[in-house]
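For reference, the structure is listed below as structure tokens.
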Amino acid sequence: MQTKLDEAKAELLERAARVAENSPVGGHLPTGTTSEGTPGTPDSESVLAFLQRYYLHTAPEDLADRDPVDVFGAAVSHYRLAENRPQGTANVRVHTPTVEENGWTCSHTVVEVVTDDMPFLVDSVTNELTRQGRGIHVVIHPQFVVRRDLTGKLLEVLPTPPVGDDLPHDAHVESWIHVEID
């Protein structure tokens, strides 16, 4: 049974997916998909599916007061960080996004991490931030099954996680961590 907050989150993600239609990101959307017949026009169903997976374990109240542009922008920003990452390395970015520079904004500094999935990643990141005296406001932690080429270029974020250990031979699980701090 969905609560009012769950319904509000679902509506917010739908509005965020519609942001992609007018986004300067154009054909470089997280799904790599465009509408048939209109080059560069995002396929809003695929974008919505990506956003739903990205924010799957995010509490509705953590998104409740956010602008759809910022919800979309945060997910796309993280995707861009993931676009090129050789296996066995971690991509990390710390920034305070602004509309002028990034096309979206956040009232806190954002720490983004993309790395191979392993136990205790979120605990390690949040413990270190706490040790450094940084107040943590929001943690978003999607796990994606991805395919990359030999150089680390992101080829595909698989639409749904495979059941059990039935990963395609060229796919692996990554942790994407988004933490908003003081």
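The values are calculated or read from the model by the stated rules, or taken from the named source; none is laboratory data. Quantities reported herein were computed from a predicted structural model and do not represent experimental measurements. Here the Cβ is made from the backbone with ideal geometry for all residues, glycine too, and neighbour counts use every protein chain on show.
Could you tell me how many of the residues in the range 1-24 are surrounded by fewer than 18 Cβ atoms within 10 Å (Cβ to Cβ), modelled with pLDDT under 90 and not in a helix (DSSP H, G or I)? Let's see the steps before the verdict.
Narrowing the range 1-24 to residues surrounded by fewer than 18 Cβ atoms within 10 Å (Cβ to Cβ): 1-8, 10-11, 14-15, 18, 21-22, 24.
If we keep only those that are modelled with pLDDT under 90 too, we end up with 1-2, 21-22, 24.
Okay, now just the ones that are also not in a helix (DSSP H, G or I), so 1-2, 24.
The qualifying residues number 3.
Scanning for something among the polar types (S, T, N, Q), out of contact with any helix residue (DSSP H, G or I) (no Cβ under 9 Å at 6 or more places or on another chain) and in contact (Cβ under 8 Å) with a residue 60 or more places away in the chain, does the range 135-151 turn up at least one residue?
yes
So residue 59 passes all but one of these: (1) more than 14 Å from the chain's Cα centre (by Cα); (2) buried (at least 17 other Cβ atoms within 10 Å of the Cβ). Which condition number does it fail?
(2)
For the range 53-99, which positions are out of contact with any Leu (no Cβ under 9 Å at 6 or more places or on another chain) and of a type in the set (A, V, I, L, M, F, W, C)?
Scanning the range 53-99 gives 56, 69, 74, 81, 90, 94, 99.
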